[in-house]
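First the structure, in the form of structure tokens, and then the observations on it.
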Amino acid sequence: MSDEAAEQPAAPQGACDSCLRRSWLVARLGAQFDFARRRGRDLPLIFDLPDGRLIAAIAGGTRSVVEREYEEFDPATAAARCCVAGVETLCRCDAGYPRRLVAAPGCPAVLHIVGGRDRFVALAAADAVAIVGARRGSAYGLEMARLLARGLAGAGLTVVSGMALGIDSAAHAGTLEVEGATVAVLPVGAERPYPASKRALYRRIVDSGVAVSELPPGSDSRRWAFPARNRIIAGLSAMTVVIEAGERSGSLITAAVAEDLGRQLGAVPGRVTSRLSAGTNELLARGARVVRDAGDVLDAIFGVGMRAVPTSPTGRGAVGVELRELLDAVGGGRDTLGALIRSGRPLELTLTQLAELEVCGHVRREAGGRYVVRV
Amino acid sequence: MLAQVATFAIDGVDPRPVWVEVDIRSGLPTFTIVGLGDTAVRESRDRVRAAILNSGFAFPQSRVTANLAPAFLRKAGPGFDAALALAVLAASGQVPAAALVRYAVYGELSLSGELRDSPGALAVAEGTRRAGLERLIVPRERAREAALVEGVAIVAVASLREAADVLTGRESPRLPPLPPETAVAVQAEPDLSDVRGHELPLLALQIAAAGGHNLLLEGAPGTGKTMLARRLPSILPALTRAQAIEVTRIHSVAGVHAGGLISARPFRAPHHTISAAGLVGGGTPPRPGEASLADHGVLFLDELSEFQRASLDALRQPLEDGHVMIVRGQRVLEFPTRFMLVAASNPCPCGFAGVDDRCSCSEIDLRRHRRRLSGPLLDRMDLLVTVERPHEHELRATPLTSSAKARELVLAARQRQERRLADAGAGCNGEMDSRLARRHIRLDRAAELALGIAYDRNALSARGRHRVLRVARTIADLDGRDRVSAADVMMAVSLRQRDQAEGAMAA
């Protein structure tokens, strides 16, 4: 430790050796973590163990090998590898390490960052909200994720999510729409877009925000890395909002961590009959905050009425009376042409009016001819 | 001794004159056929010999050489049999060679000397007229079809013997057994009055039929996409005589039709495993594909996303140009393909997107599905409508329209278009290119404004704008108006496909 203290002025931009070693160890034990999880071990408890006991606890048959490698670990090589991959590091000994995350038990030793270490420090120091939810989000859920993200980013908050398909990506995309900054916490090395189909989104995120991972560059995805990633998302955020989660959704893990940390927890209400909303409605029943729009989130974090959502910069014109009525009908669940006609609207007029709403950006057409109200 | 008779090779769907020359001279008895024939032509040797002998004639015991001229043209199929046999008979003096000069002969022979049914007689009859010949000998089954061509006397014969009799004048040429105009009875087509509910798809069918627009029906399995598409021909205007003859010729050449004039618009629904060649034509010798068989009719692609990408891509040129060019060796063949494309597709792989929670497709599944559909072909679909499951009370209600009623509207709209486009080189709104569209589509002020807004707000691409204009023109035509109103434009926008670029969501 004394060496590191002496070296720190020389290398202010990197993680310290012991944290790098810890980070390496976590990645090295990747397969064993999956194994431990399958045997019912509690991940957060494992993450709290010091290095030696961690190896003893889960390395199993590979223990002697891992111990030898642990002794031989060279922090300089690890640092160089990060450098080559374009990844910066920030360890929990550093003053810039997010304060909220330090409070979380078993917080990662090192955060690997793409998009700028200083930018991450600033983003994490600001008020951050996690928006998470189902991969197979419905059109409603995706639209809500974008709406919330836009409102919160517009109010200057950082939106944290996991870049997964569905709700997570919609939250990132919503943030980017209003040129807000967002933090994507990945379950693989931070240099790698995961899932790969979100390559384009990843590039846009690291342009103005950051991608973060606790795993060193080159790490592959492992089952345990997803819930582990969720604890970072919750840990970074002052409030976690869940939009659409099934009964066994990973988003509920994020919610549970947020609850354990005493952070604010909110959920967007969904249809009682929808499987996708079972998890979120359950959260609401247990006392999570009802989140209807960005204002609800701001009220929860800063106190009612302390911060207001800035007016929407999209500049869509006001809606006339007749169109308003149609828009309400679409928002109220009569969201296909068939349903609208069945409620007594003439077909041709409805088609015309829907086009007007669509052109002006009030509704969007989804697969299956379903209209979704954009907010 | 030398004899010569005219016949025709079918090149694509066009007739090419071929002269069958037979030379008989002393020497060892042989029979050779030269002139770039395929296997069927080479085998014709044995058929011709047996047919001549079995018809009670003598096959010359000398050196027989037959030439199919012009020698550079590849000749395929058994259609030269009858011409070869008659030329041999003429060269050996068994029928008068002088009589043969006025005739063209077409047909396959059986060993017993019968003339067998041979596809493509209509094309041959057209060639006969073009070559300036007066008479055409065809198998009896093909007489009515060949008789559709005016100015050629059709001699329908059942056997080589009858053909020889006609030439020797022992029996006067018999006219086809039935006048051609009674034609094929129009089959009882499925009618729109069978449809319950489906107000939007019915409107879309009418617009598609009225303007010749391509239509994509999207909907969950079992909602009635195929049922609706099958009823489209029932509201299309009847074929003109020229169109009917073209359709009959193509179907005859392809061997899928025998006898009489086809008066109903073709409706072709190939299975989704079809190859590119099967769809647009090809093979050796090149045969018309489904796109040509659907000429002047409807090509229906059910389960569009299941078709091979290559097959769908091959449809691009035919859709754009109204014909397809197939290059074989040094020749270019042209098949006409002026069809309306109607496609049906599920909105997602499981088929239930948009139907509450039943859809189990992930974002990736959806994107993959969209990618299979997307691209240039989807770009050419003017109308996309969702077919929803009708409600129970709609199923019990009276039908919204009938084919007769809808057809009347379509015909009126088509007449307006014909008048407007009289000498523009386009038959209907769907065939207008952007130059014609600019000249013939008049918008009122509000419509111009509406279109401008839609374009400025990025709700439309440049191509999308053009397509919307044409559809709006058809909507106004159906309504009997000269100017396109803002409501027409907006309705066309609603009936258009969703924008492929879904901006942020596609990230």
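Does residue B:291 qualify as being among the small types (Gly, Ala, Ser), part of a strand (DSSP E or B), away from chain A (no Cβ under 14 Å) and within 22 Å of the chain's Cα centre (by Cα)? When the stated conditions are applied, residue B:291 does not pass them.
Applying the condition of being closer than 15 Å to residue B:106 by Cβ and small (Gly, Ala, Ser) to region B:1-21 and asking which residue is surrounded by the fewest Cβ atoms within 10 Å (Cβ to Cβ) yields B:6. Of all the listed residues (B:496, B:481), the sole one being within 14 Å of chain A (Cβ to nearest Cβ), outside any helix (DSSP H, G or I) and either surrounded by fewer than 18 Cβ atoms within 10 Å (Cβ to Cβ) or of a type in the set (Val, Ile, Thr) (or both) is B:481. Where residues in region A:253-282 are closer than 27 Å to residue A:45 by Cβ, of a type outside the set (Val, Ile, Thr) and assigned to a helix (DSSP H, G or I), which of them is farthest from the chain's Cα centre (by Cα)? Among those that are closer than 27 Å to residue A:45 by Cβ, of a type outside the set (Val, Ile, Thr) and assigned to a helix (DSSP H, G or I), it is A:282.
Check B:128, B:65 and return the single one that is under 25 Å from the mean Cα position of the chain (by Cα), modelled with pLDDT of 90 or more and not in a loop (DSSP other than H, G, I, E, B).
Among B:128, B:65, only B:128 is under 25 Å from the mean Cα position of the chain (by Cα), modelled with pLDDT of 90 or more and not in a loop (DSSP other than H, G, I, E, B).
Among the strands (runs of 3 or more DSSP E) confined to region A:154-252, the ones with at least 2 residues that are within 14 Å of chain B (Cβ to nearest Cβ) are located at A:158-161, A:182-185. One residue alone among B:95, B:20, B:48 is in a loop (DSSP other than H, G, I, E, B), touching a Leu at 6+ places or on another chain (Cβ under 8 Å) and aliphatic (A, V, I, L, M), and that residue is B:95.
Yes or no, residue by residue, for (1) among the β-branched types (Val, Ile, Thr); (2) in a helix (DSSP H, G or I); (3) surrounded by 15 or more Cβ atoms within 10 Å (Cβ to Cβ):
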{"position": "A:40", "(1), (2), (3)": "no, no, no"}
{"position": "A:56", "(1), (2), (3)": "no, yes, no"}
{"position": "A:64", "(1), (2), (3)": "no, yes, no"}
{"position": "A:68", "(1), (2), (3)": "no, yes, no"}
{"position": "A:83", "(1), (2), (3)": "no, yes, no"}
{"position": "A:89", "(1), (2), (3)": "yes, no, yes"}
{"position": "A:96", "(1), (2), (3)": "no, no, yes"}
{"position": "A:123", "(1), (2), (3)": "no, yes, yes"}
{"position": "A:130", "(1), (2), (3)": "no, no, yes"}
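Looking at A:213, A:221, A:197, just one residue is out of contact with any helix residue (DSSP H, G or I) (no Cβ under 7 Å at 6 or more places or on another chain) and free of Cβ contacts under 8 Å to residues at least 60 places away in the same chain, and that residue is A:221.
Within region B:411-451, the set of residues being free of Cβ contacts under 8 Å to residues at least 24 places away in the same chain and in a helix (DSSP H, G or I) comprises B:415, B:418, B:419, B:420, B:435, B:436, B:438, B:439, B:445, B:448. Of the helices (runs of 4 or more DSSP H) lying entirely inside region A:285-375, those containing at least 3 residues that are surrounded by fewer than 17 Cβ atoms within 10 Å (Cβ to Cβ), free of Cβ contacts under 8 Å to residues at least 12 places away in the same chain and more than 11 Å from chain B (Cβ to nearest Cβ) are A:321-331. Counting only strands (runs of 3 or more DSSP E) wholly contained in region B:322-404, the ones carrying 1 or more residues that are farther than 20 Å from residue B:214 by Cβ occupy B:323-328, B:331-336.
The values are calculated or read from the model by the stated rules, or taken from the named source; none is laboratory data. A quick note: this is a predicted structure, and the numbers were derived from the prediction, not measured. Don't worry about glycine lacking a Cβ; one is built from the backbone with ideal geometry, like all the others, and counts go over all protein chains shown.
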